[in-house]
Amino acid sequence: MLTVKGFQMAFKYWKMFLEGVVCTISLSALTVIFGFILALILTLCRMGRSKILKAISTAYVEIVRATPMVVQIFIIFYIVFDGVKVLPGFKLFGFIRFDRFFPAVVALALNSGAYLSEIIRSGIQSIDLGQSEASRSLGLSQWKTMRFVILPQAIKNILPAIANEFVTIIKESAICFTIGVQDIMATVNAVKGATFRMGEALIIATVLYFCLTFPTSKIIEHFERKMSRGDVR
């Protein structure tokens, strides 16, 4: 049962909750950045002429989308990075352990890249084929056509979906506490160990996640409406 005393005990660890928020935001932001870069590479491979690259990138996307994220995180942490044995143990911002944080970023980015690549591919395919033909007739190479004509329009169309991926990553990053990342859920676990109470800490974590995701969603909706009005002729 939740009690006032329980919340008072949990709030004594407010600094840890604040550090968890900083860690969660940093983890989510880096995941989206690196995931987007990976997604661009995967998309270009899947839409390119090389059958080998197309097969490899398609297989990667399908495997990632068909397996649980927790399994992927464990594979990256315990197999690729062999726990924490191959990474330096310094702390980011003075409290985030790099040897735990970096594998989490890698795992989440690899996962996010697979989903973002599908979003980017659908955005590119939504651009009228005639624009590519017109660009090629003007002497632009396939690379310049993609870079200067197709991608700018595609990114504009899929920007809300990419921004929504950031919101999704904020929520999904909670699984990273299983490998020792000091995020919000790790703070909940620490408070549980110190106070032998978990309910109040979970409520605080829920509020923190809501405060991160709800305003972000509303900001995304605002820009989406503005972009939609700009497309009206």
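Could you give the dipole magnitude of segment 77-164 about its Cα centre, charging the beta-carbon of Lys and Arg +1 and that of Asp and Glu -1, in debye to the nearest 20?
In total the dipole reaches around 260 debye.
So how strong a dipole does segment 1-128 carry about its Cα centre when Lys and Arg Cβ are +1 and Asp and Glu Cβ are -1, to the nearest 20 debye?
Working: 13 positive and 6 negative charges, 35 e Å.
Dipole about the Cα centre, nearest 20: 160 debye.
Nothing charged except the Cβ atoms of Lys and Arg (+1) and of Asp and Glu (-1): what's the magnitude of the dipole of the chain about its Cα centre? Round to the nearest 20 debye.
Values: 25 positive and 14 negative charges, 49 e Å.
Dipole size: approximately 240 debye.
In whole percent, and with a 1.4 Å probe on the protein chains, what portion of the accessible area of segment 99-182 is carbon and sulfur?
On the way: 2270 of 3790 Å².
About 60 percent, which is the carbon plus sulfur part of the accessible surface.
Helix by helix, which DSSP H runs in the chain go 30 Å or more along their axis at the Cα atoms and have an average Kyte-Doolittle hydropathy of 0.5 or more?
Numbers: long enough: 14-47 (48 Å, 1.79); 98-125 (39 Å, 0.71); 199-230 (46 Å, 0.38).
Once both thresholds are applied, what remains is 14-47, 98-125.
Work out the charge dipole of the chain with +1 on the Cβ of Lys and Arg and -1 on the Cβ of Asp and Glu about the Cα centre, then indicate which of L138, C176, S26 is farthest towards its positive end.
L138
If I stretch the segment between I75 and F196 completely, what's the gain in nm (0.36 nm per residue apart, minus their alpha carbon distance), one decimal?
Numbers: separation 121, 0.36 × 121 = 43.56 nm, distance 3.11 nm.
In short, 40.4 nm is gained.
Describe numerically, in nm with one decimal, the distance between label points set 7 Å from Cα along Cα→Cβ at I63 and at T168.
Placing both labels 7 Å along Cα→Cβ, they lie 2.0 nm apart.
Using a probe radius of 1.4 Å on heavy atoms only, what accessible surface per residue do you get for segment 1-68? Whole Å² is fine. Could the numbers behind the result be given before it?
On the way: 4310 Å² over 68 residues.
About 63 Å² of surface per residue is accessible.
Determine the shape class of segment 45-127: with a ≥ b ≥ c the square roots of the Cα gyration tensor eigenvalues, call it rounded for a/c under 1.5, and otherwise prolate if a/b is greater than b/c, oblate otherwise.
Details: a/c = 2.75, a/b = 2.13, b/c = 1.29.
Since a/c reaches 1.5 and a/b is larger than b/c, the shape of segment 45-127 is classed as prolate.
For the pair M47 and A134, how long in nm is the line joining their label points, each one 7 Å along Cα→Cβ?
1.7
Under 22 Å between C-alpha atoms is the cut-off here; go through the chain and count lysine pairs that meet it, provided they're at least eight residues apart or on different chains.
Lysine pairs, 8 or more places apart or on different chains, close enough: 14.
Binned at 5 Å from 0, what are the whole-percent values of the Cα-Cα distance distribution for the chain, short to long?
1, 6, 12, 14, 15, 14, 12, 10, 7, 5, 3, 1, 1, 0, 0
Rounded, prolate or oblate for segment 1-139? Axes are the square roots of the Cα gyration tensor eigenvalues, ordered a ≥ b ≥ c, and the cut-off for rounded is a/c under 1.5.
Values: a/c = 2.73, a/b = 2.08, b/c = 1.31.
Because a/c hits 1.5 or more and a/b exceeds b/c, segment 1-139 counts as prolate.
Show I37, I179 ordered by accessible area, largest first, where the area counts protein heavy atoms only and the probe is 1.4 Å.
On the way: I37 85, I179 5 Å².
Ranked list, largest accessible area first: I37, I179.
How would you classify segment 111-233 from its alpha-carbon gyration tensor, with a ≥ b ≥ c the square roots of the eigenvalues: rounded for a/c under 1.5, else prolate if a/b is greater than b/c, otherwise oblate?
prolate
The values are calculated or read from the model by the stated rules, or taken from the named source; none is laboratory data. As the structure is a computational prediction, the values presented were derived from the model and not from experiment. Cβ coordinates were reconstructed from backbone atoms using ideal geometry, including for glycine residues, and neighbour counts include every protein chain displayed. Protein only, heavy atoms only, side chains kept; ligands, DNA and RNA dropped before computing areas. Shrake-Rupley method; radii C 1.70, N 1.55, O 1.52, S 1.80 Å.
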